[in-house]
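Heads up, the thing below is written out as structure tokens.
The values are calculated or read from the model by the stated rules, or taken from the named source; none is laboratory data. Keep in mind it's a predicted model, so treat the numbers as computed, not measured. As a convention, Cβ positions derive from the backbone with ideal geometry for all residues, glycine included, and neighbour counts pool all protein chains shown. Note: accessible area is taken over every heavy atom of the protein model, side chains too, but ligands, DNA and RNA are not part of it. Shrake-Rupley method; radii C 1.70, N 1.55, O 1.52, S 1.80 Å.
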Amino acid sequence: MNRTEKNVAIESMAKEFQKLRHVFVTDFRGLTANQSADLRRKIRAAGGSYEVVKNRLAKRASAGTATEKLKDRLVGTCALAAHASDAVALAK
């Protein structure tokens, strides 16, 4: 990924982070491919999103948003599960 692609990815993530009110940082180690696909399906059905992120890019994109508080949690294998309005549906 070159520098311009990284900048585009950061801008895109920053726009999404500004819209989101509820974000969970998850560690996806130990999940099989089928379990991961099932988790993504369930989160989408609840109206949320689930995305594996590059930690450094996510930290930069979170600057100035509510997700900035999660910067210290972005270590290792991370994915973000997010929902714009309903944290309970996302957690279930």
- Can you list the HN-Hα couplings for region 20-31, worked out from phi with the Karplus curve (6.51, -1.76, 1.60; θ = phi - 60°), rounded to whole Hz and with x for Gly and Pro? 7, 10, 10, 9, 10, 8, 10, 10, 9, 5, x, 7
- 1.4 Å probe accessible area per residue over the chain, in Å²: 70
- Within the under-14-Å Cβ sphere about ASN7, not counting ASN7, Lys/Arg +1 and Asp/Glu -1 give a net charge of +4
- Query: HN-Hα J couplings of region 69-82 from phi, Karplus 6.51/-1.76/1.60, θ = phi - 60°, integer Hz, Gly and Pro as x?
  - Reply: 5, 8, 3, 5, 7, 7, 9, x, 7, 10, 9, 10, 9, 9
- Share of alpha-carbon pairs per 10 Å distance bin for the chain, given as whole %: 17, 47, 33, 4
- Which net charge results for the neighbourhood of ILE43, defined as the other residues with beta-carbon distances under 15 angstrom from its beta-carbon, given Lys and Arg at +1 and Asp and Glu at -1? +1
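Average projected area of the Cα convex hull of region 50-92, in nm²?
Values: hull surface 13.2 nm².
The Cα convex hull of region 50-92, projected and averaged over all directions, gives 3.3 nm².
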- Task: For PHE28, enumerate residues with amide H under 5 Å from its amide H, sequence gap 5+ or separate chain, H modeled in the peptide plane.
- Result: ALA79
- Within a Gaussian network of the chain (alpha carbon springs, distance under 10 Å), most fluctuating of GLY47, GLY30, GLY64: GLY30
- Query: Per q in 0.15, 0.18, 0.21 1/Å, what log10 I(q)/I(0) does a Debye calculation on the alpha-carbon atoms of region 1-46 return?
  - Reply: -0.63, -0.83, -0.93
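Local charge sum around LEU31 (other residues, Cβ-Cβ under 11 Å, Lys/Arg +1, Asp/Glu -1)?
Values: positive: ARG29, ARG40; negative: ASP27, ASP38.
The answer is 0.
For LYS54, LYS59, write out the residues from largest to smallest accessible area, computed with a 1.4 angstrom probe and no ligands counted. If you can, show how the numbers build up before the last one.
Working: LYS54 120, LYS59 70 Å².
These residues rank, largest area first, as LYS54, LYS59.
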- Note on the structure: Phi-derived 3J(HN,Hα) across region 84-92 with the Karplus relation (6.51, -1.76, 1.60, θ = phi - 60°), rounded Hz, x for Gly and Pro, is 6, 9, 10, 5, 5, 5, 5, 5, 5
